[in-house]
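Data first, discussion second: the structure below is written as structure tokens.
Bear in mind these aren't lab numbers, they're just calculated from the coordinates by the rules spelled out. Computed from a predicted model, the values in this text were never measured in an experiment. Cβ coordinates were reconstructed from backbone atoms using ideal geometry, including for glycine residues, and neighbour counts include every protein chain displayed.
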Amino acid sequence: MGGLGAPPKQQARVPIYVGISLHDQPDFESHFLQLVTNTFAVLAQEYGPGNDFQKDFAKLKKALAGQQSTWKAPASHHVTQRFFGGSKSPQNMKFLSSYQAGKCLGIVVRAVIYVPERILAGVCFPKAEVENKFPHLTMMVANGWKPVNSNSILQSTCNEDGQFHSAYINLESGDLAA
């Protein structure tokens, strides 16, 4: 006759990622909307008000207002510090053991990278350990693009041979005239 055995051991769960959440920051929604608005105001000033960027801006505003649009916000606005993907590698476990949940860090978006009808990502330099070579905030995505695509956009445009490399270096060093 069988008896009840001990319950299975609970495995320690590893998160998919840890990051700096922007939703906890005061007035995040209004600052975010202002950042998007300012980005497209600069584009209008640079390229004129009748450009295709303004059509994208109208779609972005619809998405931000909760209306149907080809653009959407990622599930959360955050700066990824480390991507685990469920892996319990020694490096991941060491990082996780020193991670301080709930610590408040300010994030300042220093520049925005915009790929029309695809992605909008903010370049930032948090005062915290970040695994990505190019720390950023994926702001919005469109047309089947995923937030992870912002990594490849930043790699290709800000790396040593990328068209924004010198601007990125200037931003990283604190030069506002990037």
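Give me the mean projected area, in nm² to one decimal, of the convex hull enclosing the Cα positions of the range 17-172.
10.2 nm²
Fewest to most neighbouring Cβ within 10 Å: what's the order for TYR114, TYR17?
TYR17, TYR114
If we count every other residue with Cβ under 11 angstrom of CYS124's Cβ, Lys/Arg +1 and Asp/Glu -1, where does the sum land?
Its environment carries a net charge of +1.
Starting from 0.36 nm per residue, how many nanometres of slack lie between LYS88 and VAL108 once their C-alpha separation is accounted for? Show your work: numbers first, answer last.
Numbers: separation 20, 0.36 × 20 = 7.20 nm, distance 3.12 nm.
Gain on extension, LYS88 to VAL108, equals 4.1 nm.
Please rank HIS23, HIS77, HIS31, fewest neighbouring Cβ atoms within 10 Å first, as an exposure proxy.
Ascending number of Cβ neighbours within 10 Å: HIS23, HIS31, HIS77.
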